[in-house]
1. Show me, for region 6-11, the HN-Hα J-couplings you get by feeding each phi into the Karplus relation (A = 6.51, B = -1.76, C = 1.60, θ = phi - 60°), rounded to Hz, glycine and proline as x.
2. What translational diffusion coefficient, to the nearest whole µm²/s, does the chain have by Stokes-Einstein, given a Kirkwood radius computed over alpha-carbon pairs, a temperature of 20 °C and 1.002 mPa s viscosity?
3. When the helix-only estimate is applied to the chain (DSSP H runs of n ≥ 4, each -39,500 (n - 2.57), divided by the residue count), what is the mean residue ellipticity at 222 nm, nearest 500 deg cm²/dmol?
4. Accessible area, 1.4 Å probe, largest first: how do E24, E8 sort?
5. Note down the magnitude of the dipole of the chain about its Cα centre, charges +1 on Lys and Arg C-beta and -1 on Asp and Glu C-beta and zero elsewhere, to the nearest 20 debye.
Amino acid sequence: MSNRLYPEVVEIYENEKHLVYLYEIYRNGEKRYYLSIGLKEDFRQKIESKTFPGDYSREYIESWLKSKIGAFRKCGGDE
């Protein structure tokens, strides 16, 4: 368990049109992942966001993301 007060970016993904941030969040002692999808030219314009339970694998989250935005590449974050 972490005592972090703010979400931490753990991965950044991109493709031609989208910029995506994957955050790790601890709330009430439970880990969760939060995915924020925005347009690359104007990230303030969110397309979608989704929260996943902390026990979901990154592979599952990346598979879900691929079904939403198509192919992408990792471009930063913590591994």
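1. Working through the residues one at a time gives 10, x, 10, 6, 10, 7 Hz.
2. Answer from the Stokes-Einstein relation: 166 µm²/s.
3. Helix-only estimate at 222 nm: -4500 deg cm²/dmol.
4. E8, E24
5. Taking the Cα centre of the chain as origin, the dipole is about 220 debye.
The values are calculated or read from the model by the stated rules, or taken from the named source; none is laboratory data. Every value quoted in this text rests on a predicted model; they were computed, and no experiment measured them. All Cβ positions, glycine included, derive from the backbone under ideal geometry; neighbour counts span all protein chains shown. SASA here: full protein model, heavy atoms, side chains in, ligands and nucleic acids out. Shrake-Rupley method; radii C 1.70, N 1.55, O 1.52, S 1.80 Å.
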